[in-house]
Amino acid sequence: MPTERPLFLLAQWNFADLPHMDGYPTDGLLQLFIVEDVEAEHSWEIRYLPASLLSDVREVAPSWTSGLNDLPFNGPDVTFKLVGAPICNPMDMSDRGIEDLIDECLDQLGDEARDFYDDNDADIDDLLFELLGTGGHLLGGHPTFTQNDPRDWLDDDDDLVQLAQIDSIEFSMMLGDNGIGHILIPRDALRAWDLSRAVYQWDCY
């Protein structure tokens, strides 16, 4: 969405340098820009630049002033380069689908296992929280939320899945209080690579 506010690059993925994932391009750049005012009606911009356009891309940095207190980084030259690698990323306890998954597992294990879970659900949930929580920077996979799963209120009609996850980096890039950012997109829009329906959301502790 066009805006007169200056945009700051928060994250960029070069698909040519990453292991291929089903449903994702094999080249080009995925970029996430944010504005300094996190309360703005439209505080982010998501775009994809196909490889055919990269030769025309030039770097334009918005002016930086000391008053930019709401950005997650504390200076114009804060950069991090990540190396992509496939990982195992289980659904964790912050995902809205975890209760159905646990219920399905208990159905397979039988009544004795369900009774044991019902008697010890708080301790088991705490253990699962420790075992399954991953966080970190991701393309695809299951999201980790610090608060409630925002897909419960973003749009009940869309089957939103994670396109990308951006985690805080202590003392260097902080989304609020150790927060995590997510690009979420309807599943059918991901298959069509229609980023016009993607949304950016972040929450923190």
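The values are calculated or read from the model by the stated rules, or taken from the named source; none is laboratory data. Computed from a predicted structure; not experimentally measured. Cβ sites come from the backbone with ideal geometry, for glycine too, and all protein chains shown count toward neighbours.
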If only one of 63, 55, 43 is farther than 25 Å from residue 173 by Cα and among the hydroxyl-bearing types (Ser, Thr, Tyr), which one is it?
-> 55
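Just checking, which of 75, 84 is touching a residue at least 24 places away in the same chain (Cβ under 8 Å) and assigned by TED's automatic domain parsing to the domain that holds residue 175?
Step by step, each of 75, 84 is checked, and only 84 is touching a residue at least 24 places away in the same chain (Cβ under 8 Å) and assigned by TED's automatic domain parsing to the domain that holds residue 175.
Which one of 136, 141 is touching a residue at least 24 places away in the same chain (Cβ under 8 Å), buried (at least 16 other Cβ atoms within 10 Å of the Cβ) and not in a helix (DSSP H, G or I)?
Working: 136 fails: buried (at least 16 other Cβ atoms within 10 Å of the Cβ).
Answer to the check: 141.
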Index of the failed condition, residue 80 passing every other in (1) surrounded by 11 or more Cβ atoms within 10 Å (Cβ to Cβ); (2) under 19 Å from residue 179 (Cα atoms) = (1)
With respect to residue 124, is the statement that it is within 28 Å of residue 85 (Cβ to Cβ), of a type in the set (A, V, I, L, M) and modelled with pLDDT of 90 or more true?
-> no
